[in-house]
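Just below is one structure, and these are the notes that go with it.
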Amino acid sequence: MRCTNIILVLLLLLPYSYAITFKNLTAPDENGYGTNNCIFSFKVLLEDPDDSEISVLQSSTTNPTFNNYILDFQMPHKYVYTLSTNIISRGSGTLDFIAKNAVSQETFSIDYVCELRPTTFDIEFFTPKFEYYGDQVLPYPSIFFKVKNFLLAKAPTIKATINSNDAVSSPTITQLGTNIFQLYVQFNQTSPWNDIFNDVSVQISYSQSGPGTPFDIVLESFLKNYPSQILDISNYRFNIDFKWNLTHSFFNLSTTDFGVFLRNINSYVIVPALVLGNKTSGLYYEPNVYDPIQEFRYLKQIDKIESISNTSPPPLSPSEFIVLIQDGNINLNETTNIISLYLNCNGSIPQTNFRTTQYSYEMNTLIPQDSLFGIVEGNYKNYSKSIDFFIPQNSNTTFTFSQVNIFPYFYYSNATTNYRTTGLIDTIPPIINWYQYFYIGDYLILQLNIVDDLSGFSWFGNSFKPCTYGNIIQGTLLNGVYECIIDPKYGIPDISTFKVCDRVGNCAPFTLFGWNFPDTSKLDVSSISNITFEINSVDVSNQSINTKMFVFTNKTLHGLTPKMLIFPAAGSLLDVHYINAKYNDSKGCYVYPIHVHQNHITGPYLFSLNSIYFINFGSVFGKNAQLFINSKMGDAFAPIITNIEYPNGGDVFIKNDLLYTYIIWRVYIQDTINGFKDGEIIIQSSLDFVKYQFKLKPNSNNYLVSGDKYNGVYEFSIAVNSKCKDQQFRITDAKLFDQYGYVSYFNSSLQLNVQNPFLELLDNIEYFTTINTTCQYGNVENEAPTLVSFDFNPKVIDSTFSGILNDTNSRIVNFTFEVYDQSGIMINSLPKIYLSDNNFYFIDKASTLLFWNDTNAKYQCLFEIPYAFGFQSDIKVSLYGIVDNQSNIKGFSTTQLPVNTIQTLSTINMNISILSTTEFSSIGGVLNIFGKRFDTNDQVLIQDDRFNTISIETPFNSSLSFIMLENIKPLNMNIPFIYITIIRDNSTNIQYSNTFKVLLNDYISPPSSSSSSNSNNDSSSNSDTMNYSSDSYIPTNPPHSCLNDCNNNGECTPKGCICKQSFLGLDCSSEIIIVPPKINDTIPQTNFSIPSINNDQKTIVYYAVISVIGLNELDNNNNIISRYQFNQWIASNNSNSKYKNITNSTGYFYSTSLINTNDQSMTNLSVSIDYFNIQHSTNITFANQLITMNPYSLKYSINITNYQFKSSLNSLQLILSASIESNDNGNDECSSKEVGTTVESESEFVKMQINDYSLYGRFIKRGIIDNRIKLVTNSFLDSEYNSIDTKSKSQSFIGINIPYYTKLAQLDPDFSVLIDNRPASESVNSICSSKSKLSKAQLAGIIIGSVAFVSIVVISIVYYFYKKKQTNKLEKRLSQINKSINK
């Protein structure tokens, strides 16, 4: 009996295991009012847990009924149907339908209410007249109204007609909320101007025919009741940009009212905008007016007319804009699946794109627009392009290439080919198997399972693609799970236009039952009951103001983060931006934080909720719903360039006798109120298309030579090699920002409706933007550079692996290549590596120059491959942008390179990956982390920049690729970055993600920065934590011959001898010996005492001395205008030495001050001395250059604080003294001096020698000036300071020339002791008892020109071998020296 009961229960439960469930997914605004009756459409979701197929049948038990059933979408267990009704009469009721699967059927009901639209309109206008705020905010006059008897979420469509007033036309109605509407009208360009003052008769009616009485109303013109007054339009300036036939005009206008200024130009109404000053005395500006014949009209004074005579622009040269394609072809390699495009061209560089016939418009791919991309040979006059496209397998389509040039002239060329790859052809689009979505904070998380039959998934979306194949979490591109994150700041996209596409362009619409994501960023305007401001009127004349806006709603709307759209001041060039609100429970409203910056233009604070147009809520909720801004001197006028000068002339002759000639721009930038913040100027050469980018800021680090942010002079230059060809250098782009983001922008190839920074120079723009160079070099050649070698490693990568715990470079591929050209390589042009996958995506990175000489250059490119790039398709490589000094261009498409494919693993790595984060600062708070394969049990380890643990955080919320951390405590430390690592404790093992560096955006750089390494091995190194940028061209050393085969103490390379540890010199003949220095404890001076035994067995002592003695200010002709001697120093042990961990000795610190003779200001100078008492060499970094510090070497670190120069063209000269002297004055004494360039450290050296010993000085070509790397020069000042040079003493005075700066100059010299195999007597310029003293010409040869940026002086006491076979004798003498030292 018990068994029977169990069986009975199971039988009773069996039908319910196949029960169908139902959910109504119909949006509230799907069904609205009917006209005479209703027709409804419903979206329903039917689910079957056992995945039995569900069909829908009509029910015969109800009337009315559904008459159409469409299956929109299905995925496992889920079916989405659209159910449509026949005609339904007014009233309410129930609609039934039957859902049936294989074993059962269910009847479901949907309630309906058929409401007919009102037959009359109950309309309330918020204002009696139109409003107009200028075309920057709302293009046309508008008015807002409410239809109070529209109660459903979906309102009937309505229209407006104008029955009078010829001044306006084309009325348009836009729905803003459930029953809130906006009516705007356009200006009628053919009507008389006087009609614009007339009232407007408007009729509102339904758009569709049917019952309904139109609503008639007379609305006042937005000019109603403006009083007439005489206005003063003065200081009118008018410039024509002849290139585009556009005008830029600005003028002063005085009035006492806050009216709007209109102009009718060639039947086109525009609004000059107040950009500077206020309404009583302001500067108005108009960009891009198309007809110079203009008529001025102000709203309050119709009779005031100012006219400008027309000026005809000169004819444009077609060659400036047109590219002529002489011939070309497209080929398909069916083995490699590569399409090769080849073109022969001359003229300018056009914009290039391509598409395939199977791809939708959104998939048209714009390939890289770098000026040198695709060029494989030639220059502007005649060049060849060759580009390879890596196409997917399973393709059968048409490939179309096009080139389109810039306005106003263009040349369009098509090259088309049909291609079909081998194997099966993919004709079926991908399928979305299942999906789900949810929110984490403001972020929308979308998860999908996408299946494709052959080529694999490529992308999902429209022109906005929130998902690509790189979003894969698990599986393959044929069947994978993807997680996509939609950032709230970009808004919620329209899902109805989305498509899902595979790699060959098969696309299917995203028909998830008409599903749209809920947009949590919007408030229904109809739900707003009131708006108030914390402060309704603010004065920002001398300060910025923070206030709040409170939005009250008539229903609870929790879970929203509504946005406010902020418009810039009228006429400004700022983009609109958003402010997020938070709900305040205590106040019962949404609170928007408002910031009004200093010097904002006077007028209303312009904003909108959920609309792209401004809505005057003050007309709806009263004056408390408005914020008015007052400013005595408003500024929305972006910085302008008032003048450009050429210190070396606008036509520069490049001489043969100089390696480089500098062409110089001196640019004057003005922004008198807000001040210039930053910007960039790009200069392009006409023959070789090379671009030079200069980042400008109002400080000496970024080219400022005089003035300030309000009126500044900026100077920058380009080094032109003497082996050049004639060409032009032209400013092609200029973009300038003020302190609050107002921008002026010039682009020589684009017509831009923005303020032009060259407003005051447009009449002669060619002169002010162009330098012509004429080259003396006569050996003209047109041979492009050749590729000597090209390789990269690794050749196989896991593109879905990011590393584990402190591993941050798992996807880095190291490219190295060398090029040759008989005229030398132009080092200003850094070639780029381009990578592409078979989804037609291109990425690129510029290489870095490793070394160069007269004919060769070697480059490196460390390319970090983006996550999943090339996954299951491999990656193709190409190389473009090699240019020689004769402006001949060379590049290599994929098929032209000897190695060209990076293979990628075909399976997903299941380790945790951190890929990016949101911005973060030391104050803590919220940190969002983006990556792959996150888990709900993950924790986040936060470490400081030295890997000390700060905290372990538990995520507030997370998904598979997103982690949100909240309430991170303040760090309470000033560090440049933190490290984060995800930890997952699975009880059986602990998993770690890669360690990711998060920059802190409030980090304040210390005044001095240099780094060192601490290691006991020979190759130790450490990189700067600061990555300094450079604004100076710093030349590299020419190669040296490998003298004497490097004496078996080094390796011969193309640059010369690279010496083994403990050996130095061009031929590696000098060896380091241990001679401890005596560091003075009162002044920054170091003495070396080296005992020796001469041939007569007499003890001789050699003394070497290095001192810092003074500072000079020099004018631009190198004349001394101020001298400073250092007589008093404060000395102490340096326990905080930056090298204390590696020197194994105590450092010393010295400081002194000088009083400036110009203005009595004080400048501080400090010197740190460290002795590297170590047995192995170590690497340090200074000014972004790796420098090897030898054992037993001495380093001087010199800092000079701000110095008030008498002129920005002046420089400082730091004076060092160095000497070596013997206490023996016998007849065998000899001295000599020698200068030259080093091999390894891109430095120069000077060597002063007495007999077998020498004082060796090494100078690198760079230093840190105002936290920026700059070139300095070194001068030998022996004649100025009366140096002593005898047979027993050699002395030099070295001047390190420091360019103009404002904050800090940093210098880093170092010294060593060596023994050598060649005495001073063998030198060609020696001074011996039997030789005369050096001539003046010999002394002049010692001077080092334009080489040392921050001088690193390596002092070496060098004892020379007489002959190589005298090894035993050398060892004996070394032993004697050590015994003498140790006595």
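Can you give the FRET efficiency to the nearest 0.05 for LYS1140 and ASN643, using r as the Cβ-Cβ distance and R₀ = 45 Å?
On the way: r = 51 Å, r/R0 = 1.14.
Here the calculated transfer efficiency is 0.30.
How far is the Cα center of segment 68-127 from the Cα center of segment 1071-1085, in Å? Using only Cα atoms to place each centre, the spacing works out to 94 Å.
Between segment 1205-1259 and segment 635-707, the alpha-carbon centres lie 37 Å apart.
Quick check on packing: order 1222-1229, 78-85 by the mean number of other C-beta atoms within 10 Å, highest mean leading.
Values: 1222-1229: 15.6, 78-85: 20.2.
By packing density, highest mean first, the sequence is 78-85, 1222-1229.
Between LYS997 and GLU680, the contour length at 0.36 nm per residue exceeds the Cα-Cα span by 111.3 nm.
Each of LEU787, LEU1255 has its accessible area taken with a 1.4 Å probe; listed largest first, they run LEU787, LEU1255.
If we sort 1239-1246, 209-216 on the protection proxy, mean other Cβ atoms within 10 Å, highest first, what's the order?
On the way: 1239-1246: 21.5, 209-216: 13.1.
The most tightly packed comes first, giving 1239-1246, 209-216.
Based on Cα contacts under 8 Å between residues 6+ apart, segment 682-799 shows a relative contact order of 21 percent. If R0 is 41 Å, the Cβ-Cβ spacing of VAL451 and SER527 corresponds to a FRET efficiency of close to 0.45.
Summing Lys, Arg as +1 and Asp, Glu as -1, what charge do residues with Cβ under 11 Å from the Cβ of THR904 carry, THR904 excluded?
Working: positive: LYS795, ARG811; negative: ASP798, ASP837, ASP874.
Summing Lys and Arg as +1 and Asp and Glu as -1 gives -1.
Placing dummy labels 7 Å off each Cα toward the beta-carbon, the span from GLU124 to VAL591 is 2.9 nm. Segment 452-476 and segment 865-908 have Cα centres separated by 23 Å.
The order of TRP852, TRP459, TRP434 by accessible area, most exposed first and with a 1.4 Å probe, is TRP434, TRP852, TRP459.
Packing-wise, with mean Cβ within 10 Å as the measure, how do 523-529, 652-658, 601-607 rank, highest first?
Per-residue mean Cβ counts within 10 Å order the peptides as 601-607, 523-529, 652-658.
Once the Cβ-Cβ distance of ASP657 and LYS632 is raised to the sixth power relative to R0 = 51 Å, the FRET efficiency obtained is 0.30.
Taking a sphere under 15 Å around the Cβ of ASN1116 and counting the other residues whose Cβ falls inside, with K and R at +1 and D and E at -1, yields a net charge of -2. Computed over protein heavy atoms with a 1.4 angstrom probe, the accessible surface ordering of HIS595, HIS1176, largest first, is HIS595, HIS1176.
Segment LYS795..ASN163, full-extension length gain: 220.1 nm, with 0.36 nm per residue of separation and the alpha-carbon distance subtracted. Full extension of the segment from SER922 to ASN382, taken as 0.36 nm per residue of separation minus the current Cα-Cα distance, would add 188.9 nm.
The values are calculated or read from the model by the stated rules, or taken from the named source; none is laboratory data. Computed from a prediction, not measured in an experiment: that's the story for all the values here. Glycine also receives a Cβ, built like all others from the backbone with ideal geometry; neighbour counts cover every protein chain displayed. The accessibility values were calculated without ligands, DNA or RNA, using every heavy atom of the protein model including side chains. Shrake-Rupley method; radii C 1.70, N 1.55, O 1.52, S 1.80 Å.
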